[in-house]
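Structure first, then comments.
Just so it is clear, none of the values below were taken in a lab; they were calculated from the coordinates. As the structure is a computational prediction, the values presented were derived from the model and not from experiment. Positions of Cβ are backbone-derived with ideal geometry, glycine not excepted, and every protein chain shown enters the neighbour counts.
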Amino acid sequence: MKKLTTLKVVRLVLFTILVTGAGLSCEKPTTCTAVINVIDQTTKLPVSGCNVVLNSTVTNAVVSGNGYTNSSGSATFTFQLPAIFNVYCNNANPPKSGNGIIQLQVGQTVTQTIYVTP
């Protein structure tokens, strides 16, 4: 009878450890952050106010991002899942543009520099 009780306690402890471990493993960060730095190819200076568009490389996907660079020439985007995006940068005045690609990783911040030219 004592063996059965000990066996039940051991099973309960193991079950508790497994459930607790499984619960903790699900709490990993899943947010993916993309930082796009836009640099003028000629002057090598950051470009502020540049329109930055991220479009998924998957056909018919509706995941995208749109924003403008800050005074440091950076635009930041946050997504819930990893993805690969085409990056398009367009500056209206003076007219400059550039493009690239960025691949987001789960729980990480990925930085991509895009050089724009007239």
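Here is how the numbers come out for the structure above:
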{"read-out": "Every residue from the range 43-71 that is hydroxyl-bearing (Ser, Thr, Tyr) and under 17 Å from Lys96 (Cα atoms)", "value": "Thr43, Ser48, Tyr68, Thr69, Ser71"}
{"read-out": "Residue that is farthest from Gly49 (Cα to Cα) [pool: residues in the range 96-118 that are among the aliphatic types (A, V, I, L, M) and in contact with a Phe, Trp or Tyr (Cβ under 9 Å, 6 or more places away or on another chain)]", "value": "Leu104"}
